[in-house]
1. Scanning the stretch 166-190 for residues that are of a type in the set (Gly, Ala, Ser) and more than 23 Å from Ala120 (Cβ to Cβ), which turns out nearest to the chain's Cα centre (by Cα)?
2. Go through the residues of the stretch 68-84 one by one and say whether even a single one is small (Gly, Ala, Ser), touching a Ser or Thr at 6+ places or on another chain (Cβ under 6 Å) and either closer than 29 Å to Val184 by Cα or touching a residue at least 12 places away in the same chain (Cβ under 8 Å) (or both).
3. On the given criteria, is Thr78 within 30 Å of Phe2 (Cα to Cα), β-branched (Val, Ile, Thr) and either buried (at least 19 other Cβ atoms within 10 Å of the Cβ) or at pLDDT below 90 (or both)?
4. Residues of the stretch 12-27 being under 20 Å from Cys106 (Cβ atoms) and either buried (at least 16 other Cβ atoms within 10 Å of the Cβ) or in contact with a Ser or Thr (Cβ under 6 Å, 6 or more places away or on another chain) (or both), which ones?
5. So, in the stretch 1-20, how many residues would count as being part of a helix (DSSP H, G or I) and more than 20 Å from Asn47 (Cα to Cα)?
6. Considering each of Thr98, Thr67, Thr130 in turn, give the residue that is surrounded by 18 or more Cβ atoms within 10 Å (Cβ to Cβ) and hydroxyl-bearing (Ser, Thr, Tyr).
7. Filter the stretch 133-165 down to the residues that are under 20 Å from the mean Cα position of the chain (by Cα) and either of a type in the set (A, V, I, L, M) or surrounded by fewer than 16 Cβ atoms within 10 Å (Cβ to Cβ) (or both) and list them by number.
Amino acid sequence: MFAQILEFLVDSIAGFFIFLLLARFHFQWLRVSFRNQLGHFVIALTNWVVMPARRVIPGVGGLDMATLLAALILQAATLAVIHLLRGADLAAAPGPVTAVLFALACVDLVRFSVYILIFALIVQAVLSWTNPHSPIGATFDAMVRPFLRPIRRFVPPISNIDLSPLVLLVLLQVVLFPLSHLRVLVAGMF
């Protein structure tokens with residue numbers, strides 16, 4: 001019972017920071033402004049790891065590789081701790097185990113990125129109906145706009161109702177199925 005509680009706490013706390021690091025990465029990748037409450041929150045909680053990492057890891061093509069690598073390492077470490085708490089022997093073959101942990105972490109980061117996009121899409125849709133001039137609404141709109149733009153070419157508004165968020169939500173759910181199967185496949189290598 002204690003191991004389960006500890007596993008839950010490790011997964012929850014590390015997951016919170018991993019999602020924040022991924023949000024920071026996506027904000028920079030999608031050119032979302034950090035000049036809002038959410039941006040300040042993300043920066044305040046991730047600067048402690050990102051700023052030292054940037055001294056060592058340069059950006060590539062406008063992408064903040066230090067933030068992405070920090071999220072990857074934190075997710076791999078979280079998976080290692082969870083497997084240790086479950087009684088796995090990770091020291092038996094450290095090379096292959098490390099490779100599997102990082103492969104699992106990569107799949108997880110892609111899944112988490114899809115979850116972030118789904119969250120942003122739902123919040124943006126709700127804000128567009130309830131409070132379209134909300135200061136935080138522009139942040140979520142900037143996050144989902146690049147993904148909605150190609151869909152809007154094929155799905156025009158019907159009676160002034162934009163169905164493109166619904167189409168994107170369905171597509172993102174479809175993407176999660178192969179990612180879940182890939183995660184199970186990679187996890188089976190343990």
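The values are calculated or read from the model by the stated rules, or taken from the named source; none is laboratory data. From a predicted model like this one, the values you see are computed outputs, not experimental measurements. So basically every Cβ, Gly included, is an ideal-geometry build from the backbone, and we count neighbours across all protein chains shown.
1. Here is the first cut: in the stretch 166-190, the ones of a type in the set (Gly, Ala, Ser) are 180, 187-188.
Now narrow it down to the ones that are more than 23 Å from Ala120 (Cβ to Cβ): 187-188.
Working: Ala187: 19, Gly188: 23 Å.
If we take residues in the stretch 166-190 being of a type in the set (Gly, Ala, Ser) and more than 23 Å from Ala120 (Cβ to Cβ), then Ala187 is nearest to the chain's Cα centre (by Cα).
2. Scanning the stretch 68-84, I find no residue that is small (Gly, Ala, Ser), touching a Ser or Thr at 6+ places or on another chain (Cβ under 6 Å) and either closer than 29 Å to Val184 by Cα or touching a residue at least 12 places away in the same chain (Cβ under 8 Å) (or both), so the answer is no.
3. yes
4. Selection gives Ala14, Phe17, Ile18, Phe19, Leu20, Leu21, Leu22, Ala23, Arg24, Phe25, His26.
5. 10
6. Values: Thr98 fails: surrounded by 18 or more Cβ atoms within 10 Å (Cβ to Cβ); Thr130 fails: surrounded by 18 or more Cβ atoms within 10 Å (Cβ to Cβ).
Checking each option against the conditions leaves just Thr67.
7. Hits for the stretch 133-165 are Ile136, Ala138, Ala142, Met143, Val144, Arg145, Pro146, Leu148.
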